[in-house]
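The values are calculated or read from the model by the stated rules, or taken from the named source; none is laboratory data. A quick note: this is a predicted structure, and the numbers were derived from the prediction, not measured. Every residue, glycine among them, receives a Cβ derived from its backbone with ideal geometry; neighbour counts consider all protein chains shown. Please note that ligands, DNA and RNA were not included when accessible areas were found on the heavy atoms of the full protein model with its side chains. Shrake-Rupley method; radii C 1.70, N 1.55, O 1.52, S 1.80 Å.
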Amino acid sequence: MENQQDFLLQDDLVTRTAFENFGIKYLFPWQRLVIANILEAYEYHKNPLDYENIGDADDSFCKGRQIVLLPTGAGKSICFQIPSILIDGPTLVIYPLLALMSDQQRRMQEGNLKSVMLRGGQSAKERELCFQKIRDGAKIIIANPEVLQNEALLEQLKEFEIRHIAIDEAHCVSEWGDSFRPAYLCLGNVIKKLNPPLITAFTATASPSVLERVCEILFDGNAHIVRSESDRQNIHYFVKYAAAKKKQALLLAQTEQRPMIIFCGTRDKAEDMSRELNLSFGNGTSKFYHAGLEKSEKDETEKWFYESKNGVLCATCAYGMGVDKKDIKTVVHLQASPTAEAYIQEAGRGGRDGSVAKAILLWSPSDSLDYSVYPKGSRQASMREFAETKDCRRQVLLNALGAEQAVCSGCDNCNSKKENSKKPLSDWELTFQIIKKHRNFYSEDEIEAELYEKLNQKKRALLGVNIWTHKDTVEVVNQLKDSGQIEKSGFLWKGRLRVKKAANLSVLKKQSRLPCWQLSGSVFKHFLQSKNASIN
């Protein structure tokens with residue numbers, strides 16, 4: 001009975017702290033569980049003799065070592081902010097991006113939570129001012145992995161007896177540590193040096209292999225895993241097949257709900273896509289965001305998009321983590337993310353207010369060929385499986401994370417099955433059908449002229465203007481040729497286009513469950529070879 005009363009008192013204290021500091025009236029069950037784990041582990045370290053009879057409990061839990069997987073928008077920050085108020089001593093929070101560090105500090109200040117930020121390039125005077133604020137009671141120290149490689153800084157931090165280290169976006173330990181952010185691989189040494197009683201790593205997405213790597217680097221392989229359901233049911237997944245993706249994105253900007261993010265693979269593509277939107281729909285429709293912008297430019301764009309109810313932001317992955325705009329209705333990917341984890345993370349920018357949001361991936365024959373080089377079962381190959389599956393897309397993503405089976409709340413494949421409806425033809429599917437129907441009839445110039453008229457005819461009804469250009473139709477035809485779907489005839493029909501012959505195509509399509517265009521050309525040969533077959 002006494003333990004139950006203690007729990008209720010603690011629960012009331014947590015609820016009161018959330019409301020008084022952040023105006024939060026309700027905590028989700030997973031938030032309560034993570035906070036309770038942190039506070040209980042802290043009590044264990046203060047009074048270990050009280051836990052002598054703990055029996056078979058997870059030793060890593062008792063030692064306050066846990067990895068927390070909560071879906072995007074579930075409120076991970078509260079899970080370390082509330083404990084930071086309730087425990088003695090400061091909490092060190094490690095973020096991957098400077099922009100995210102600044103944004104989080106702003107929100108902490110709004111919640112009357114005193115914090116300091118340690119980053120590269122600070123003067124001795126600025127650092128000393130930070131240390132003085134910690135002495136005066138600042139509860140949270142914000143830093144990135146690189147600044148913590150400074151041995152002199154670590155020695156000074158040791159003097160403050162840090163109680164809790166929280167690593168946000170912990171999947172970056174695996175994603176970036178082995179490539180361009182080696183400081184992430186040294187975080188285990190930082191933890192050992194500071195030796196806090198509590199360590200919590202937070203992430204929204206992590207496959208079993210990523211999770212194992214994070215556990216190894218941060219916790220020497222011994223951590224308590226707290227995993228909520230990975231499925232964000234208010235995110236509905238769609239894939240649009242398109243060779244000329246920019247034109248498809250323009251159509252989506254007109255027909256889908258805004259605010260909208262269009263994720264682009266490069267800085268140039270983000271700027272180009274934004275220009276196209278402003279030309280098509282008027283200046284002020286769109287802005288672009290990438291790592292090459294000055295801080296003032298980033299701040300201006302962030303403010304514009306945060307306040308916009310109808311804007312379209314064209315961004316690289318630099319705008320991915322830590323975005324707190326809650327009313328984003330549509331997330332479009334002009335280029336596919338490298339892995340399923342990255343895609344879920346970016347798609348999860350939508351619907352953070354709990355409303356339904358669409359995540360739409362644009363996928364071309366070129367994408368299929370690019371991703372075909374990855375071995376089946378790899379983290380990269382999961383994106384091709386997601387794009388080309390005929391089954392539930394949501395489940396493909398959950399499988400890539402090693403997560404639970406789920407009833408689909410919305411994806412284009414499941415919707416089509418329920419409604420018994422057919423999806424409209426994409427630009428390359430229309431081209432393929434025309435050439436198949438009129439074998440050896442069109443030259444390249446002639447099919448491109450035909451496409452120009454047919455594709456613009458379809459879009460004029462929606463947009464009121466012609467958006468397709470000759471360059472776009474050339475791109476569609478070239479992708480069909482490069483992927484081995486169509487070819488030029490010889491002899492009597494020299495230079496005329498035809499669908500490339502493929503033996504037993506219908507059988508192979510059924511076996512592989514891939515679109516027919518994926519089974520042509522080099523990929524078709526590779527498939528046959530993998531089945532120990534030969535091409536006649």
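Points to keep in mind about this one:
- Reported to the nearest whole Å, the Cα centre-to-centre distance from the range 171-226 to the range 393-428 is 32.
- Report summary: the helix-based calculation at 222 nm, which adds -39500 (n - 2.57) for every DSSP H run with n ≥ 4 and divides by the residues of the chain, gives -14500 deg cm²/dmol.
- Rounded percent of accessible protein surface that carbon and sulfur make up, the range 171-328, 1.4 Å probe: 47 percent
- In the context of the full protein assembly, residue 493 retains an accessible surface of approximately 130 Å², using a probe radius of 1.4 Å and ignoring ligands and nucleic acids.
- In Hz, Karplus ³J(HN,Hα) per residue of the range 16-22 (6.51, -1.76, 1.60; θ = phi - 60°; x = Gly, Pro): 5, 5, 4, 6, 5, 9, 10
- Between residue 266 and residue 151, the simple spin-label model (points 7 angstrom out along Cα→Cβ) gives 4.2 nm.
- Within straight-line reach of residue 295, meaning a Cα separation under 25 Å, sit the following lysines at least 8 residues removed in sequence or on another chain: 114, 125, 269, 287, 303, 309, 325, 326.
- The packing ranking, built from the mean of other Cβ atoms within 10 Å per residue, places the peptides 473-480, 20-27 in the order 473-480, 20-27, highest first.
- About its Cα centre, the range 316-386 has a charge dipole of approximately 120 debye under the convention of +1 per Lys or Arg Cβ and -1 per Asp or Glu Cβ, with nothing else charged.
- Virtual spin-label span in nm between residue 106 and residue 454, 7 Å along Cα→Cβ: 4.9 nm
- Among 282-293, 343-354, the peptide with the highest mean count of other Cβ atoms within 10 Å heads the list, and the full ranking is 343-354, 282-293.
- Evaluated on the range 106-250, the Kirkwood hydrodynamic radius is 17.9 Å, with distances taken between all distinct Cα atoms.
- The range 278-302 versus the range 138-156: alpha-carbon centroid distance in Å: 33 Å
- Peptides 434-447, 158-171 ranked from most to least packed, by the mean per-residue count of other Cβ atoms within 10 Å: 158-171, 434-447.
- Cross-link partners of residue 488 among aspartates and glutamates (Cα-Cα below 12 Å; sequence separation of 8 or more within a chain): 444
- The residues neighbouring residue 118, those whose beta-carbon lies less than 10 Å from its own, together hold a net charge of +1 under the Lys/Arg +1, Asp/Glu -1 convention.
- Here the chain is treated with +1 on each Lys and Arg Cβ and -1 on each Asp and Glu Cβ, and its dipole about the Cα centre works out to around 2820 debye.
- Considering only alpha-carbon pairs that sit under 8 angstrom and 6 or more positions apart, the relative contact order computed for the chain is 12 percent.
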